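First comes the structure, then the notes that go with it.
Nothing in this text is a laboratory measurement; each read-out follows from the coordinates by a stated rule. If you're wondering where the values come from, they're calculated on a predicted model, not measured in any experiment. When we count neighbours, we look across all protein chains shown, and the Cβ atoms used for this are built from the backbone with ideal geometry, even at glycine.
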Amino acid sequence: MISPEVRPLRTMDANRCDAIIASLPYHFGLEEGRLECAAAVRGQDGLVAVVDGLVIGFLTFVRHYDAAAEITWMAVHAEHRRRGVGHRLLDGLCRAIASEGRRLLLVLTVSASDTGSEPEDGYQSTRSFYRSVGFVLGRDLPGYWTDDTPVLMVRPLGLAK
C-alpha cells in the first residue's frame, strides 16, 4: 500500500493523465475512448493521486441531479495498481460529494454478461474493485454502448434524507 496525496484535478495534470491511460492498453484500447477520456480530464471535475509530485491516478466525475454523481473515468498507472491508490481516490470523492448532500455515486463498466473476450486483468477485476469499495450491481444496459454491454453500479453514500 502507498499513501498518495489526493487533490483536485488541475489543467496542468492532463498530459500525465494521458500517460496513465497509455499505460493501460487493454482498458483503453479504442481511440474513441482515449479521446473521450482526454476531453473529460480537460473539462470535468476530478481528483488525482500524487506521489512524490507525480500524478499516478485520476478520476473524473459529473454531478447528476441533486442526489447523485457519476464517475466518468478512472485509472491508476499500470505500475501503481493494486496498491490502494484507487481506494484513496474513491474515498476522497465520496467525502467530497457527500458533503454536498449527494447520496449516490454511480459508475458504468463492462458487464459480466458481455460476450467479448477478456484477458486476466480485464473487467472482472474492475467490477471486483468497485464491489470492494461498496458498489453494488444495479442493472445491465444493453445497447447503451456500441461495442460492449455496460453494467450500472451504485454506491450509497449515507442515509436517505
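Numbers below:
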| quantity | calculated |
| --- | --- |
| Where a residue in the range 35-61 is free of Cβ contacts under 8 Å to residues at least 40 places away in the same chain and its partner, wherever it lies, is among the basic types (Lys, Arg), with Cβ under 8 Å and at least six apart | 45/63; 54/16 |
| The range 92-119 - residue that is touching a residue at least 60 places away in the same chain (Cβ under 8 Å) and farther than 18 Å from residue 72 by Cβ and, of those, nearest to the chain's Cα centre (by Cα) | 98 |
| Any chance residue 158 is in contact (Cβ under 8 Å) with a residue 60 or more places away in the chain and touching a helix residue (DSSP H, G or I) at 6+ places or on another chain (Cβ under 7 Å) | yes |
| Any hit, the range 141-148, residues being surrounded by 14 or more Cβ atoms within 10 Å (Cβ to Cβ) and closer than 15 Å to residue 74 by Cα | no |
